[in-house]
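What follows is a single structure, written as structure tokens, with notes after it.
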Amino acid sequence: MKLTSLTVRRLTMEMLTPFTTSFGTQTHRDLLIVEVHDDAGTTGYGECVAGAEPTYSEEATSTCQVAIAEYLLPRIRSAVVAHPEDISRLLAPIKRNTMAKAALEGAVWDLWAKQQGLSLAQAVGGTKERVDVGLSIGIKPSDAELIESVGAAVDAGYKRIKIKIAPGRDLEMMRAVRREFPDTAIMADANSAYTLDDLELFQALDELDLMMFEQPLAHDDIVDHRHLQAAVRTPICLDESIHSAEDARKALELGSGRIINIKIGRVGGITESQRIEKLCREAGVDAWCGGMLETGIGRAHNVAIASLAGFTLPGDTAPSARYWAEDIIEPEVVMEHGQIQVPTGPGLGYQVKTEMLEMLTKESFSVNLTEPAETAQAEH
Ligand code: OSB
Ligand code: MG
């Protein structure tokens, strides 16, 4: 592919509204953008979706920055890369560090698609022209505020609404929402805040006809989820517990859940996401594209992967305006009638606002990919 250089930028983006989950409140993203360049002057972009702290998973922005610089880049610099899948293969000996890997691999996928004159959706095998969009609503201070947010989301046309739950903000809150919206497709995401001691809570939530319970139990569990799934009608959807196609295979084989949330960052990239999509499609298991409060760059990757046929349910790919006063791509991601049009232009299909990206950049480092390792250039 003739990769000539690669730049990793660290930047901060303030979110329009704080987002609260069972593991904390986020008011901004502290993120990495990876740019990979070829000898024709084409640039591919990838986003590292890790949080500022390792509270969702073990990765955080700082650990990803180190992982990319110290462990991942050295494996790419000396290698011949013919296809983005080669990145996935070259990085496989490094365990986990999935968000760091995905940021690099995503940039190479975008570059490769552009070199082929394909949209990223076409390059990954996507077939849909539009993707269905769901919204993820964080924990609100009161039921009244939550009900207002859900009402606004219903009016905006979202195809399903996900509500974050946490101990103390669960059964009565979800009952109140269900009373107000008897026919709306709603689901609950616990971000691993419960244990099997809470079985009765989930049996009570079972009465509310939710689309699914997302990651009710521990982030690293697939055994207790099996016991919970056997005791409730509502399908369990696994998010945090799944880091690979092998994880997904084992969880489905055990009966630990019936739906998979596919996040490119959590599973190590687009190539692994394609493997999980194929596994689910062939097994007749529903899957959907999760979100990590991405900027337009990560959002565009999500829209591309969600265009694969196996993404059978609406994803957490809300439009840019939901998260940002101004996104770093143009046009911004927009939703119409609860759907996003999958872009058809080369690569991501959106233009990155390079001046805005430059202005937001707090630190960066670049490596030359055509020369030996000693030439690494750090600018802090
Ligand atoms: O569990 O899906 C999650 C955000 C940050 C970390 C974890 C999760 C989320 C979301 C928001 O639910 C999804 C989005 O709107 O991007
Ligand atoms: Mg989740």
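The values are calculated or read from the model by the stated rules, or taken from the named source; none is laboratory data. Treat the numbers as computed from the prediction; the structure is a model and nothing was measured. With ideal geometry, Cβ positions are generated from the backbone for all residues, glycine too; neighbour counts draw on all protein chains shown. SASA here: full protein model, heavy atoms, side chains in, ligands and nucleic acids out. Shrake-Rupley method; radii C 1.70, N 1.55, O 1.52, S 1.80 Å.
The charge dipole of the chain, taken about the Cα centre with unit charges on the Cβ atoms of Lys, Arg (+1) and Asp, Glu (-1), comes to about 720 debye, rounded to the nearest 20.
Extending 7 Å from the Cα toward the beta-carbon at both Arg96 and Lys278 defines two label points whose distance is 2.7 nm. Per residue, the accessible area of the chain comes to 41 Å² when a 1.4 Å probe rolls over the protein heavy atoms.
Among Ala188, Ala102, Ala325, the largest mean-square fluctuation in a Gaussian network model of the chain, built with springs joining Cα atoms closer than 10 Å, belongs to Ala325.
What you get for segment 122-348, charging only the Cβ of Lys and Arg (+1) and of Asp and Glu (-1), is a dipole of about 540 debye around the Cα centre. Dipole orientation for the chain: of the candidates His337, Ile186, Ile262, Ile262 has the Cα lying most toward the positive pole (charges on Cβ; Lys, Arg +1; Asp, Glu -1).
Each helix, a run of at least 4 DSSP H residues, gives -39500 (n - 2.57); summed and divided by the residues of the chain, these come to -9500 deg cm²/dmol at 222 nm.
Panel values: the chain, Kirkwood radius from alpha carbon pairs, Stokes-Einstein at 20 °C and 1.002 mPa s, translational diffusion coefficient 103 µm²/s. Within the straight-line cut-off of under 21 Å between alpha carbons, the lysines reachable from Lys278 are Lys101, Lys128, Lys250, Lys263, sequence neighbours fewer than 8 places apart in one chain being disregarded. Split the chain at each of the GluC sites (Glu not before Pro) in a DSSP loop with at most 14 other beta carbon atoms within 10 Å, and the longest piece is 130-325.
For segment 40-194, the pair-distance distribution built from all alpha carbon pairs, in bins 10 Å wide starting at 0, is 9, 27, 24, 24, 14, 2 percent. Per-atom-type breakdown for segment 122-348 gives carbon and sulfur 48% of the accessible area (1.4 Å probe, protein chains only).
Basic side chains Lys and Arg get +1 at the Cβ, acidic Asp and Glu get -1 at the Cβ, and with that the dipole of segment 56-100 about its Cα centre reaches some 120 debye.
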